[in-house]
Each structure stands twice: as C-alpha cells, then as structure tokens.
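Report on one structure; see the data block that follows.
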Amino acid sequence: MASMTKLFLLGVIPLFLLRFCCGCIHSEREALLHIKNKSHPSYFYSWENGTDCCDWNGISCSNTTHHVVSVVLMGFLNPNLRLVEGGIIWPSLCTLTSLETIDLSWIGISGTLPPCLGNLSSLTYLYLSGNSLSGKIPSMSSLTHLDLRDNSLSGKIPSMSSLIQLDLSDNSLSGKIPSMSSLTHLDLSYNRFSGNIPVSLANMSSLTYLGLSYNRFSGNIPVSFANMSSLTYLGLSGNMLSGNIPLSFANMSSLDVLTLNKNSFGGETVLSTICMLKSLGEVGISNNHLSGIIPDSLGNISSLRWFDVSYNALSGSVPDSLGSMFSLGYLDLSYNQLNGTLPSSFSRLSSLWYLDAKGNAFASSTLPSSLEYLYLTLNGHQIISEAFFHNLSKLEGLSLSDCELNISPTWIPSFQLSTLHMKSCKTDGQIQSWISTQFSLEELQLADNNLVGEIPSWLMDMSHLRSINLTGNFLEGRLLLNTSAQKYLEVFDVSHNALSGQLPSIWLPRIQILLLNHNFLTGKIPPTLQFSSSLFMLDLANNQLNGMIPQSLANCSQLQMLNLGDNDFGGMIPYEFGGLSKLQSLVIKNNQFNGSFPPSISNCTELYFLDVGQNLLRGHIFKSIGNLSKLKVLAMRKNSFEGSIPAEIGQLKHLQILDLSSNHLSGSIPRSIFNLQAMMTEPHQEFSMVQFRLDIPAARAPPSSYTYENGLNMDSKGRDEHYTYIFPNMVSIELSNNQLNGDLPSDLGKLKGLNLLNLSMNNLNGVVPNSIVEMIWLETLDLSTNNFSGPIPSDLGSLSYLGALNFSNNNLSGNIPQGGHMTTFKKSSYLENPYLWGCPLPKKCNWPEFAPAPPPVSTSINEEKQSEESVWYGIGLGLSYGAGFAAVVVFIVLRRKWQQKYFKGVDLVLKFFFPRFRNLTL
C-alpha cells in the first residue's frame, strides 16, 4: 500500500508542480490577450499579462497538457458587451488547437463563421447563440453539440455526422435539410425552409426533439413521422400545413408535446385523431380551421397538462368528460363558437390554474378553487355577484366581459389580483371601490362600460399599477396625475371619455403609451413631455388643444406613433420631427398648421402612415418623399400645396392610399403613379393594411400588448366619410379639385387592386382608356368636371363592384353603355356632356338619328395642325360661298323681273315637297 502511494505521489506531484510553475502555454496566452485588446479590455479584468491564463475568468485548461480546452465568456462579461467584430477574434481562437468547448453566446459577435473552426479537431461543443452572425455555416465534423440560434445565418445546413444536438432556430436558413442519424435534438424553427416537410427526417430514429415551427412548410404531415418512436416533442406551428394528422400517430407512445398552432388544419376529425395519442401532455392547435364539437374522448387523455384550441370554429358545449383530466393545468378555449354552461365537473380539476374561455358565449358555473387566471366571456350580460368568487381565493388574473356586476360597495375580495379586465360589462356608476383593496394590482382595464364621475384619487395612488385602461366610458372632470405614486405606470389610456381641463404639466417618467384622444382637454402640449424618453405612443387627437408643437417633443426619440389630429394647433411643423427615426405613424390632420411641410420628414424611413390633411400647409411636395419606402398611406388633402406632383411618389411600392385632393397642384399626373406596385395586386394580401403594433423591445414591453388602428377621411361614393378603421381592401387614388392637366395612360387598367379613383374637378383631357374595365375591384369612379372626350368604354358595366360613377361635366360623346351595373346609375352621372346620348339622360334614349356630330378629339400635334388647316380651309370656303350668295342677292334686289322669277320658283318647290303649303303665296 505504501509503495502504491509513493508511485501515485511521484506521478501526481510533478504534474502539480508543472501546473503551478509553468501555467498555460505562452502562445495561447498571447492569443487570448489579443482577443482582449481588440474588444473591450476593461471587461476582461482578470486577463492580465504575466498571470496564468488558466486562472482567468472563462478559461479552462487541461491538467495534463496545460492547453486551453474551454473558452466560456457568457456570464463572465458585462451583459452590455459588444465585441468589435467577430472576424477579429476567430484567428486567435483557431490557434487554440486543443479547444473542446467554445461558448460565446449573447456577447454581440458579428461577421461570419470562419472555415478554420473546422480545423479544431477536438472541438465538440460550440455555442454562439444570440449574436449577429451572418453568412453560411462551415462544416465542423468533430462537433457533437452546436447551438447557433438567434443569429442571421443563411444558406444551407452542412452535413455533420457526429452531431447529437443541433439548434439553428431564429435564423434565415433554407434549402435541403440533411439527414444526420446521430441527432437526438433538432430545432430549425423560425427559418425559411419551404415546400413539403422532408420524409427523410423520419430516418433520424434517435430524435427526441424536432422543432420545425414558423417556417414555410406546406402540405400534409408525413405519415412516416409515426416511426419516430423516441420523439417526445414535435413542433410544427406557424407553417401552412393542412390535411389531417396521420392515424398512425397513435403508435407514438413517447410523444409528450405536439404544437400545430397557426396552420390550416380543418374539419372535425383532427381533434378525434389527437384523442388517440394517449401519452400527450401538451397540445397546441390554436389559429386553425377546426370545426365541429370537442370530442368526448378528449377526457381519456389523463396525462394532458396543457390544451389550447383557441381561435378556431368549434361549436356546441364543452363535454363533461374534461372534468376527468386531473392533470390539466392550462386550458384555452377562447374565440370559438362554444356555448352552454361550463360543466360542473370542472370543479374537480384540482390542477387547473389557467382557464381562458373568452370570445364564446358561456353561462356562469362553479369553477375549481385552484384557478389563478380566469378569462371568461359570459352569455347575455349575466349578473355576477360576490357569490361567483366565493371559492376563488387564489385568483391573480381576472378577465370578465359581457356581464353585469352586482357587488356591494363594502365587498372585500378574498383574492389579490395582479391583473383585472372588466370590459363591456355595462357597469354603471363610478369606478367600484373594491378595486382599491387590490394592493398588488399591476394592470387595470375597465374599457367600454358606462362609468361616470371623476377618476378617483385612490386609483391614481395605487403604486404598483403599470397599466390603466379606462377608454370608452363617460368619465369627466380634470385629469390629475400622482407622479410620486405612479412611478411605474407605462400605459395610460383614458381615450373616448369626457375629461376636461388643461393637460397636466408634469408627466410620468416611465410612460410608454399615452392615449388621451377624444376628450375635451384644453391648453398646450407641455414641454415636460420631452423627458418621457420611453414614450412610444402619443395620441392627443380630437380634443381642444391649441398653440404650437414644442420642438422639444422631438426629443422623445422612441416615438413610433404620434397623433395630434382634430385640434386647434397652429404654427409650423417642427423641422426637428425629422429626427424621430422610429416614427411609423404621424397624424396631424384638421388643425391650423401653416408654412411648408418640412422635407426632413423624409428621414423618418419607418413611416407607414402619414396624414397631414385639412391644414393650411403650402409650398411644393418635397421630392425626397420617395425615401419613405414603407409608406402605405399618404394623405395631404385640403391644403394649399402647389406645383407638380413629384414623380418620386411612384417609388412608394407599398402605397395603398394616395390622397392629394383639394390643393393647387398643376401639371400632368406623373406616369409613375400608375405603376404603384401595391395597387396592382389582387386580392390585397401582400400589401394589406394591418393593425399598427408597437415595436417595443421585450425587456421594456408594457404588461399588455397594444395595437392601434388609424382612422382616415376619404371620399366614398361622392361623400366625405370618416373611416375609424382602414380595411385591407381600401386602395385608392384621390387627386380631385386641383389644376391637373394632360391625359390618362392607356394602361391605366394595370391598377387592378384599386377600388376608388377620383380625378374630378381638374383640367384633364383625352379619352377615357378602355383598359379601365380591367380594374375589377373598382367601387368608385369619378372623372367629372374635366375635359374628357370620346366614348365611355363599352364594357364598363362588367365591373361588378362599381357602385358610384360620375362622368358629368365633360365632352364625352356617343352612346351610354347599357349592360351590367350601368343601368343602376342615374342621369346625374352623365349630365353636361352635350354629345352623349342614351338612357338615363332625359329625352335622349332614342337620340342618335338627331344627335349633332361631336367635336373631333385631338390626340396628336399632327392632328392639331391638320385641324388648324381645316379651320382656315373652312373659313376660305365660307367666304367664297358667301360672296357668291351675296352676288345673287344683289342681282335679285336690283332686277325686279328676276325677283319675280326667283320667288315663283321657290313657291313651286315648296308646294311640290310640302303639300300643306299649296295654298301659300309668297
């Protein structure tokens, strides 16, 4: 025994001496110091020259060779660290030939991955997630674990046969997915793979985790997937998959999690097939097209913990068998067509902590005491009393809608909520005082009720509140804020009420969403708003505010939505607004703004919605407007803009609504406008108008996601209408009431997506192009009060959506087409066209045999020259005939004998052709 101890000490002691005397390899220390010096040296505080690199933070060495075997910087560096350039560190790392593990996740590396990583023959673990890497992935044959998620990598995946775990999610990869038989974990979600799901994936028989969600896969789920007997997780959400789930999936005895959300699965059999998977623990199939009832056999999946079928078309009642799913903790049935009463068996679900059944029509029922989050839409505005909550003492989140509360003012609930939503509950009176007992409340929504009175002071004193939403009530009084208590408030929405008085002069430091629109607020915008550095959304529209916009408002650099419309603001638009680089929506319509519109706005390249209509703006429309490449709506109506329409508007390929009406614009309409790409699509999907959603970093996001719909004034079927919402099929061009001239292009019909074209009250001329009948979505066409000539296109009646038509006050000629919808338009659509005939014009239904010839349509310089020559020829001919006739008259007047002979001859002619004149003597 003693001899063995001596041998051990003789072998180990030298290694320890070598370790502590010699330390790491000199060349490897220098390579690591190079990384430090090229990055942020102050963050590598333990990496000092002259010290043992094996003792540095994030570095591990071999106890035998002293080579660096592991570089793990994640967790040892400042979380705000951003290395200068990924390409700088790779040459140094690639010299560490004994490396087994590299973990540089979430430290901001950029650039591409170098091929030299493939030369590190010992490298088995490579973790580079959460960076800004781009380009292709090099082949690294020795790797067993590779994590490159959340980067910007593209191209194909190289085959790496030794891999056991591979995570490439959140990139831009595409192409063929190689088969790697050793894989147990494969995550390719959030990429750009398309086509059918490769059947070859089923050959990876060792897979336990397969994530393919949020790609562009289509078709059916491969039947061969049922052969992956080891699979416990299958994620296919966010694709375009359809059909049914293979019946053979019933053999997948290990499958625990199945996510099929946001696809196109439909019909009544999908859920029945899912019910055959007895081992399932989590099922997500929301946002599909499921119909029919929830099968009673669902209750047989006793292991189910999570079930989400929200946003489908399921109907009927909820089966009583669900009360047997004692493992069920999360149940989301929201936004279907379910009704009836939630089964009484639900009271036995002792594990149920989350129940979302809103967007249906349920009657109230007994619920399990285990519930922590309850979201419920009730049927028929049922009365809810304190008894409904008597056993729900664990509630933290509560959302009830379409009900009526009948609660005593002295009620003190047994629960403490963090979230309370009571929308459309038709609650009368003042804000109920029991809410003041919820000391941990972070989110309060009492929207669309009948609340009256002032906002109580106790509400503004609740210090934990992050979100207050009181929109759509009848609240009145002054708007008072408690800036000392509301230091965490991020969302404040009191829009659509009757609040009055001046805007508060001091605002909350963390406010992100501030909606005060549609009230009776007065005064000016306080300059203190500039200190709201977190402000993302500001809506002060439809009040009685006045004064100038403070330039300091441009200091709110995070602003994405700004609406100051329908007030009494004046002065000039601050030039500094051009510095709001994140601005997506700017609305200042219906005020008294004057001066020119600042061209600096063209720097706001994120803008998709711009409405400056109904002001006193003048000057030219700046040409740099073409820089606003994301613009979908451009409304500049009812101002005093002059000059020509800039051709650069044609660069706005996403533009769906263009309104420059009622200005002083002149010149011809730029041909580029008739090539606007978003107006040439049908149907309107790719360029659809969608809800405006704030782009807020996750770390700063408010407690509730907020969407915002911009309204717009438009000329619809001859009337000036206000649209509260802009629908996807609103595609229009309005250039009416200007001084535009010239003709329309013959290929006008390319704008197939257009449903409103209003060019009235201009000086346009030429013919109405026949191609206009190709605009099959057209609903309103107004070309009135111009100088158009020639016929109305004969096939105009084929436009089945055309509901408003006005050709009046032009020089149109010929017959009014009578087919299709043309018979529905009244005479007012055609008046003041002297050479136009046919119904419904009065007395002109059978007019063609008496119709005067229309004036010639001038279409070219040569024709104009010929027309001019014809005029002079006509004048000369007329003078000749006139001279001859005058000679005859003079001769007859001077010779009486010739007078008698002349009138006698006329008399004979009249009596021969018109017998009723036989007794007439001249």
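Below are the figures for this structure:
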{"quantity": "Single residue of the range 47-66 satisfying the filter (hydrophobic (A, V, I, L, M, F, W, C) and outside any loop (DSSP other than H, G, I, E, B)) that is farthest from residue 33 (Cα to Cα)", "calculated": "61"}
{"quantity": "Matching residues, the range 255-294, being open to solvent by 20 Å² or more (accessible area, probe 1.4 Å), in a loop (DSSP other than H, G, I, E, B) and of a type outside the set (Lys, Arg)", "calculated": "256, 261, 264, 268, 269, 276, 279, 287, 293"}
{"quantity": "Conditions (1) more than 23 Å from residue 399 (Cα to Cα); (2) crowded, with 20+ Cβ neighbours inside 10 Å; (3) of a type in the set (D, E, K, R): number failed by residue 320", "calculated": "(2)"}
{"quantity": "1 or more residues within 32 Å of the chain's Cα centre (by Cα) and hydroxyl-bearing (Ser, Thr, Tyr): qualifying strands (runs of 3 or more DSSP E) within the range 324-411", "calculated": "330-332, 354-363, 373-384, 397-405"}
{"quantity": "Single residue of the range 594-627 satisfying the filter (in a helix (DSSP H, G or I) and closer than 17 Å to residue 574 by Cβ) that is most open to solvent (accessible area, probe 1.4 Å)", "calculated": "603"}
{"quantity": "Count of residues meeting criterion [among the aliphatic types (A, V, I, L, M), out of contact with any Pro (no Cβ under 6 Å at 6 or more places or on another chain) and open to solvent by 10 Å² or more (accessible area, probe 1.4 Å)] in the range 480-502", "calculated": "3"}
{"quantity": "Residue match in the range 373-388 (condition: within 25 Å of residue 256 (Cβ to Cβ) and either of a type outside the set (S, T, N, Q) or modelled with pLDDT of 95 or more (or both))", "calculated": "yes"}
{"quantity": "Residue list for the range 270-298, filter: more than 23 Å from residue 231 (Cα to Cα) and not aliphatic (A, V, I, L, M)", "calculated": "287, 288, 289, 291, 292, 295, 296, 297"}
{"quantity": "Any pair with Cβ under 9 angstrom, 6 or more apart, that starts in the range 735-754 at a residue that is closer than 10 Å to residue 771 by Cα and touching a residue at least 60 places away in the same chain (Cβ under 8 Å) and ends at one that is open to solvent by 10 Å² or more (accessible area, probe 1.4 Å) and part of a strand (DSSP E or B)", "calculated": "none"}
{"quantity": "Residue ID - surrounded by the most Cβ atoms within 10 Å (Cβ to Cβ), chosen from residues in the range 412-430 that are of a type in the set (A, V, I, L, M) and outside any loop (DSSP other than H, G, I, E, B)", "calculated": "422"}
{"quantity": "Scope the range 564-593; condition open to solvent by 40 Å² or more (accessible area, probe 1.4 Å), outside any loop (DSSP other than H, G, I, E, B) and within 25 Å of residue 623 (Cβ to Cβ); matching residues", "calculated": "575, 576, 579"}
{"quantity": "Qualifying positions in the range 433-444 - open to solvent by 40 Å² or more (accessible area, probe 1.4 Å) and closer than 20 Å to residue 408 by Cα", "calculated": "433, 436, 439"}
{"quantity": "Contacts under 9 angstrom Cβ, first residue in the range 391-402 being within 10 Å of residue 425 (Cα to Cα), partner outside any strand (DSSP E or B) and among the charged types (D, E, K, R), 6 or more apart", "calculated": "401/448; 402/426"}
{"quantity": "Condition met for residue 108 (on the phi > 0 side of the Ramachandran plot and exposed (fewer than 15 other Cβ atoms within 10 Å of the Cβ))", "calculated": "no"}
{"quantity": "Tabulated pairs, the range 332-358, first surrounded by fewer than 21 Cβ atoms within 10 Å (Cβ to Cβ), second modelled with pLDDT under 90 and aromatic (Phe, Trp, Tyr), C-beta under 9 angstrom, 6+ apart or interchain", "calculated": "339/362; 340/362; 341/362"}
{"quantity": "Check on residue 836, in a strand (DSSP E or B), in contact with a helix residue (DSSP H, G or I) (Cβ under 8 Å, 6 or more places away or on another chain), buried (at least 16 other Cβ atoms within 10 Å of the Cβ) and touching a residue at least 24 places away in the same chain (Cβ under 8 Å)", "calculated": "no"}
{"quantity": "Conditions (1) among the hydroxyl-bearing types (Ser, Thr, Tyr); (2) within 25 Å of residue 282 (Cα to Cα); (3) outside any loop (DSSP other than H, G, I, E, B); (4) in contact with a strand residue (DSSP E or B) (Cβ under 9 Å, 6 or more places away or on another chain): number failed by residue 154", "calculated": "(2)"}
{"quantity": "In the range 503-545, residue least open to solvent (accessible area, probe 1.4 Å) [restricted to those that are in contact (Cβ under 8 Å) with a residue 60 or more places away in the chain and farther than 27 Å from residue 431 by Cα]", "calculated": "536"}
{"quantity": "Answer residue from the range 486-503, given it is in a loop (DSSP other than H, G, I, E, B) and modelled with pLDDT of 85 or more and is farthest from residue 476 (Cα to Cα) among those", "calculated": "488"}
{"quantity": "Every residue from the range 173-194 that is open to solvent by less than 30 Å² (accessible area, probe 1.4 Å) and either outside any loop (DSSP other than H, G, I, E, B) or without any contact (Cβ under 8 Å) to a residue 40 or more places away in the chain (or both)", "calculated": "173, 177, 178, 180, 183, 186, 187, 188, 191, 193"}
{"quantity": "Near pairs, Cβ below 9 angstrom, 6+ apart or cross-chain, from the range 365-376 (more than 13 Å from residue 348 (Cβ to Cβ)) to any residue that is open to solvent by 40 Å² or more (accessible area, probe 1.4 Å) and of a type in the set (Gly, Ala, Ser)", "calculated": "376/364"}
{"quantity": "Some residue of the range 640-649 being out of contact with any His (no Cβ under 8 Å at 6 or more places or on another chain), in a helix (DSSP H, G or I) and surrounded by fewer than 18 Cβ atoms within 10 Å (Cβ to Cβ)", "calculated": "yes"}
{"quantity": "Subset tally (residues that are in a loop (DSSP other than H, G, I, E, B) and touching a strand residue (DSSP E or B) at 6+ places or on another chain (Cβ under 9 Å)) for the range 650-661", "calculated": "5"}
{"quantity": "Odd one out for residue 740 among (1) aliphatic (A, V, I, L, M); (2) under 25 Å from residue 654 (Cα atoms); (3) in a strand (DSSP E or B); (4) in contact with a Pro (Cβ under 9 Å, 6 or more places away or on another chain)", "calculated": "(4)"}
{"quantity": "Filter result (modelled with pLDDT under 95, part of a loop (DSSP other than H, G, I, E, B) and open to solvent by 10 Å² or more (accessible area, probe 1.4 Å)) within the range 770-790", "calculated": "776, 777, 779"}
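Residue-wise test of (1) touching a residue at least 40 places away in the same chain (Cβ under 8 Å); (2) farther than 17 Å from residue 495 by Cβ.
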site: 433; (1), (2): no, yes
site: 440; (1), (2): no, yes
site: 445; (1), (2): yes, no
site: 450; (1), (2): no, no
site: 458; (1), (2): no, yes
site: 462; (1), (2): no, yes
site: 471; (1), (2): yes, no
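The values are calculated or read from the model by the stated rules, or taken from the named source; none is laboratory data. On a predicted model such as this, the values are computed, not experimentally measured, just so you know. Counting neighbours? That spans all protein chains shown, and the Cβs are built from the backbone with ideal geometry, glycine included. Heavy atoms of the whole protein, side chains included, go into the accessibility calculation; ligands, DNA and RNA do not. Shrake-Rupley method; radii C 1.70, N 1.55, O 1.52, S 1.80 Å.
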